[in-house]
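Each remark here refers to the structure printed beneath this line.
The values are calculated or read from the model by the stated rules, or taken from the named source; none is laboratory data. What you see is a predicted model, and the numbers here were worked out from it, not measured in a lab. Positions of Cβ are generated from backbone atoms using ideal geometry, with glycine treated the same way; all protein chains shown enter the neighbour counts. Side chains included, ligands, DNA and RNA excluded: accessible areas come from the protein's heavy atoms. Shrake-Rupley method; radii C 1.70, N 1.55, O 1.52, S 1.80 Å.
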Amino acid sequence: VRLHNHGFWRPKPVLDTARFTLSFNSWHRKNHKDSQALWKHEAVQKYLETLSKEYQQVSHLLSADSLNDFEQRTLRRRCADLSPIAAAFQEIKEAEREVQELEAMCTELDSRDEKQLLELALEEKEGLDEKMNMLCRKLFQLLVPKEKYDRSPVILEVTAGRTTGGDICQQFTKEMFEMYQNYANYKRWTFDIVNYSPAEIGGLHHAAAHISGENVYRHLKYEGGTHRVQRIPETGMSSRMQRIHTGTMSVIVLPQPEEVDVKVDPKDLRIDTFRARGAGGQHVNKTDSAVRIVHLPTGLAVECQQERSQQVNKEVALRTLRAKLYQQVIEKQLSQEQSARKLQLGTRAQSERIRTYNFTQDRVTDHRISYDARNIKEILSGKEALDKLINRLLEFAEIEAVTQYLENLQALEGGG
């Protein structure tokens with residue numbers, strides 16, 4: 001807590017980062033493997049003790065009669081920011097004391113007569129460890145600044161790789177699109193297909209969907225990038241020779257803007273209609289219901305062919321175009337060497353992969369966090385296994401954010 005010469009309190013920000021962006025590459029230099037490990041770090045303890053003391057001082061200042069209305073409002077806002085953090089900090093401290101008491105008791109329960117008691121104590125300690133990790137995760141979620149677009153719906157695009165794999169890329173792209181569709185159902189989100197371009201052999205060249213619901217972008221923002229598949233094809237010479245083929249597909253996740261966020265001048269649009277192609281019912285190839293919109297100033301083009309009505313397809317295409325134009329606005333705001341879209345898409349080369357799906361070893365590896373998960377079918381089903389992987393990514397992002405902030409704080413305090 002800082003006081004002006006006149007005694008007025010000046011708030012100090014909680015994780016006041018101008019624009020935090022996750023750098024998974026820097027994770028490998030960290031020693032923290034989970035939220036509980038980071039909690040034990042000296043810098044974290046020191047920082048949280050500071051916030052806890054600040055909360056006590058702010059609460060004390062609020063009881064003073066000498067504050068004017070502006071000072072009261074400022075202090076109340078700060079108190080509201082710090083209150084859940086201080087409460088979570090104390091809750092973890094209490095759980096930590098319980099763990100220490102159990103550990104002390106376990107060291108005394110050595111004899112065979114007390115074996116049953118020891119087993120019960122160890123079981124209770126395991127439950128407390130899980131509780132500690134959950135509480136630490138909750139605390140760091142409070143500390144990490146919420147991204148502006150976390151609660152936004154998204155446009156999700158999938159595209160088969162152009163360079164390697166051929167048919168295997170298109171089949172894998174279809175499986176991935178279905179995985180995200182199933183995941184949307186699992187999370188009780190709405191999944192509306194905007195564009196769907198099937199391949200001749202039953203795979204998928206490209207598809208896009210609008211996904212809306214609770215915290216959609218927060219959960220899907222790290223899915224963007226190149227995904228690699230390694231498998232033995234089910235048909236053809238390679239299947240008989242048991243040769244493993246490697247292919248790629250790319251995912252792009254764009255936060256969906258509100259109508260007011262991007263204004264599109266109709267004069268800047270070229271709108272073409274054509275007959276829909278692919279799966280879509282009896283209306284396919286009978287009417288010019290599909291719509292392609294080109295934004296002339298930027299060259300951006302979008303298509304929608306999923307609905308029977310040309311007007312509905314036009315509205316969906318315009319919504320997708322706004323999302324892509326909005327993404328350009330976001331990219332300009334980011335102080336990064338590369339844009340968010342390029343970071344997700346890259347060149348679709350295998351060297352830029354974010355995740356590998358190895359069917360022969362029944363393993364999915366996320367290369368950004370060195371995390372392996374077994375049972376590919378469960379992950380591709382888009383349910384609990386995928387949700388666990390996505391939540392692991394979010395936890396590592398939170399840990400990285402807190403670690404990076406504290407490193408910056410230490411550098412400032414040390415004059416570096």
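Here is how the numbers come out for the structure above:
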{"item": "Members of region 109-149 found to be surrounded by 14 or more Cβ atoms within 10 Å (Cβ to Cβ) and not in a helix (DSSP H, G or I), listed by number", "result": "Leu109, Val144, Pro145, Glu147, Tyr149"}
{"item": "One residue from Ser66, Ser83 being open to solvent by 50 Å² or more (accessible area, probe 1.4 Å), out of contact with any strand residue (DSSP E or B) (no Cβ under 7 Å at 6 or more places or on another chain) and among the hydroxyl-bearing types (Ser, Thr, Tyr)", "result": "Ser66"}
{"item": "Those residues of region 160-171 which are crowded, with 22+ Cβ neighbours inside 10 Å and modelled with pLDDT of 80 or more, in sequence order", "result": "Ala160, Gly161, Ile168, Cys169, Gln170, Gln171"}
{"item": "Odd one out for Asn313 among (1) out of contact with any His (no Cβ under 9 Å at 6 or more places or on another chain); (2) modelled with pLDDT under 85", "result": "(2)"}
{"item": "Qualifying residue in region 104-126 (condition: at pLDDT 80 or above, assigned by the TED database to the domain that holds Thr50 and within 21 Å of Leu393 (Cβ to Cβ))", "result": "no"}
{"item": "Residue ID - most open to solvent (accessible area, probe 1.4 Å), chosen from residues in region 181-218 that are within 22 Å of Arg151 (Cβ to Cβ) and of a type in the set (Asp, Glu)", "result": "Glu214"}
{"item": "Count of residues meeting criterion [on the phi < 0 side of the Ramachandran plot and either of a type in the set (Gly, Ala, Ser) or in contact (Cβ under 8 Å) with a residue 60 or more places away in the chain (or both)] in region 362-390", "result": "12"}
{"item": "Hits in region 55-76 - residues which are more than 24 Å from Phe89 (Cα to Cα) and outside any helix (DSSP H, G or I)", "result": "Ala64, Asp65, Ser66, Leu67, Asn68"}
